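What follows is one structure encoded as structure tokens, with my remarks underneath.
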Amino acid sequence: MTKSNTTPKASITAIGGYVPEDRLTNKDLELLVDTNDDWIQSRTGIRERRILKDPKKATSFLAIQASKNLIKKNNIDPSTIDMVIVATTTPDMQIAATAAYVASEIGSKNAFGYDLQAACSGFLYAMSMAAGKIESGRYKKVLVIGADKMSSIIDYKDRSTCILFGDGAGAVLFEPNNQGLGWQDEYFRSNGTQRETLCVKAGGSLFPASSTTILNEDHYLRQDGRNIYKSAVSAMTESSNIILERNNITGEEVDYLLAHQANERIIEAVSKKMKLNSNKVLKNIANYGNTTAATIPLLLYDFQNLFKKGDKIIFAAFGGGYTWGAAYYKWSKLIN
Ligand code: ACO
């Protein structure tokens, strides 16, 4: 349904980010599993990841740090935030939404909060939820956080997964924009027949945690890397190209591609198929690895000074479920 011209767009007005101090380098991993720096860099583009080592600190800690960074830098009164969405695959606990805790801890006492779980597509989907709330006119400030403590579900004996993931968080604030800037369009899909290709098998209602699931080490993330690789390239390319076509944008007219950072080769394959110059393709995977829901907000955080008003940005993501999609965003000014 087409919206009237008076409908505001949802635009990002503030950005925050946080990664833990501790680094897990490829050299460190050589001591844990049979791998080497050359293999990891050439197959994934990753040099190091950040790890939240303190066992008492969880995903909420990362989310709170990123949010406080956003609030402080932009001088925002947290009590004016209406809604907090935390995209995460590693919530602090079952049932109690991490977002509710984060909202309380940052002083957003007038907000409601919930978690959104769509693995590596989580932040993309959460931005869409925020955009819908802003466009409805009922909410003025929606905080969207992507945060994951991936180290809490990684088996550091499994070389096919432990080299890929890191911990981190990023946060953005969405507000109404009456100049037509912000969230423009989205194309999202999912395919549940592939759910076992990438999952943590135990701990849900299908395989509740038990001594057997622990013994089988089913509480760790497992994946079929090759299948994911191929599916990620084709799904992100297809959805990005649909978004370009639907909005009459050529690859040359795109200013930046912000794609989920899973593997440098996946990002390069997608951008090649979209016919984008490499200088338009933003990457920070070398420093953080795959932080799941945090990759896209951490890209926004790291590269925020690059963006100019009106820049045409394509977001793309693919993740467990399978879930995937792309979105078209026109940059507006940040608060500062
Ligand atoms: N170090 C050294 N050798 C390794 C390692 C390692 N860390 N891991 C696997 N190998 C070996 C394999 O055992 C295999 O050996 P073999 O030929 O003797 O059997 C060989 O390397 C090739 O293995 P492949 O799995 O075919 O390697 P591939 O080139 O596909 O790279 C990788 C593996 C990096 C996991 C890649 O498939 C990938 O990135 N897939 C996407 C996975 C992903 O991103 N998951 C994250 C969540 S989903 C998302 O975010 C999109």
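For the stretch 185-195, does any single residue satisfy the condition of being among the charged types (D, E, K, R) and either within 15 Å of the ligand (Cβ to nearest atom) or within 30 Å of E30 (Cβ to Cβ) (or both)? Looking for residues that are among the charged types (D, E, K, R) and either within 15 Å of the ligand (Cβ to nearest atom) or within 30 Å of E30 (Cβ to Cβ) (or both), one finds at least one in the stretch 185-195, hence yes.
Per-residue answers, yes or no, for (1) under 22 Å from D92 (Cβ atoms); (2) at pLDDT below 95; (3) in contact with a Ser or Thr (Cβ under 9 Å, 6 or more places away or on another chain):
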site	(1), (2), (3)
G166	yes, no, yes
G170	yes, no, yes
Q194	no, no, yes
I243	no, no, no
A259	no, no, yes
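Tallying residues that are within 9 Å of the ligand (Cβ to nearest atom) and part of a loop (DSSP other than H, G, I, E, B) within the stretch 211-254 yields 1. Among the candidates A130, A147, the residue that is surrounded by 18 or more Cβ atoms within 10 Å (Cβ to Cβ), part of a helix (DSSP H, G or I) and of a type in the set (A, V, I, L, M) is uniquely A130.
When S231 is tested against (1) farther than 30 Å from E196 by Cβ; (2) buried (at least 16 other Cβ atoms within 10 Å of the Cβ); (3) hydroxyl-bearing (S, T, Y), only condition (1) is not met. Quick one: is I314 modelled with pLDDT of 95 or more and more than 19 Å from L334 (Cα to Cα)? Criteria not met by I314.
How many residues does the stretch 301-328 hold that are closer than 20 Å to Q184 by Cβ, crowded, with 24+ Cβ neighbours inside 10 Å and not small (G, A, S)? Spell out the reasoning first.
Initially, the stretch 301-328 is screened for residues closer than 20 Å to Q184 by Cβ, giving 303-304, 306-317, 324-328.
Imposing the further condition that a residue be crowded, with 24+ Cβ neighbours inside 10 Å reduces the set to 314-317, 324-327.
Checking which are not small (G, A, S) leaves us with 314-315, 324.
Summing the residues that are closer than 20 Å to Q184 by Cβ, crowded, with 24+ Cβ neighbours inside 10 Å and not small (G, A, S) in the stretch 301-328 gives 3.
Quick one: G325 ticks every box in (1) more than 16 Å from the ligand (Cβ to nearest atom); (2) farther than 19 Å from F165 by Cβ except a single one, so which number is it? G325 satisfies all of (1) more than 16 Å from the ligand (Cβ to nearest atom); (2) farther than 19 Å from F165 by Cβ except (1). When the stretch 150-177 is limited to residues that are of a type in the set (F, W, Y) and surrounded by 20 or more Cβ atoms within 10 Å (Cβ to Cβ), the one that is nearest to the ligand (Cβ to nearest atom) turns out to be F165.
Of all residues in the stretch 112-119, one or more are touching a strand residue (DSSP E or B) at 6+ places or on another chain (Cβ under 7 Å), of a type in the set (G, A, S), in a loop (DSSP other than H, G, I, E, B) and within 16 Å of the ligand (Cβ to nearest atom).
Under the condition of being touching a residue at least 24 places away in the same chain (Cβ under 8 Å) and either in a loop (DSSP other than H, G, I, E, B) or more than 16 Å from the ligand (Cβ to nearest atom) (or both), the residues counted in the stretch 1-56 number 29.
The C-beta contact set for the stretch 201-228 (first residue farther than 16 Å from T89 by Cβ and modelled with pLDDT of 95 or more, second residue assigned to a strand (DSSP E or B) and within 11 Å of the ligand (Cβ to nearest atom), distance under 7 angstrom, 6+ apart or interchain) is empty. Against the list (1) polar (S, T, N, Q); (2) touching a helix residue (DSSP H, G or I) at 6+ places or on another chain (Cβ under 6 Å); (3) surrounded by fewer than 18 Cβ atoms within 10 Å (Cβ to Cβ), the condition S211 fails is (2). Being under 18 Å from N69 (Cα atoms), part of a helix (DSSP H, G or I) and either within 17 Å of the chain's Cα centre (by Cα) or not hydrophobic (A, V, I, L, M, F, W, C) (or both) is true of A99.
Residues in the stretch 299-314: is at least one touching a Cys at 6+ places or on another chain (Cβ under 9 Å) and in a strand (DSSP E or B)? Taking every residue of the stretch 299-314 in turn, none turns out to be touching a Cys at 6+ places or on another chain (Cβ under 9 Å) and in a strand (DSSP E or B). Of the residues making up the stretch 38-55, those that are farther than 21 Å from T90 by Cα and either surrounded by fewer than 17 Cβ atoms within 10 Å (Cβ to Cβ) or of a type in the set (S, T, N, Q) (or both) are D38, W39, Q41, S42, R43, T44.
The values are calculated or read from the model by the stated rules, or taken from the named source; none is laboratory data. Just so we're clear, the structure is a prediction, and the values are computed from it rather than from any experiment. Note that each Cβ is placed from the backbone with ideal geometry, even for glycine, and that neighbours are counted across all protein chains shown.
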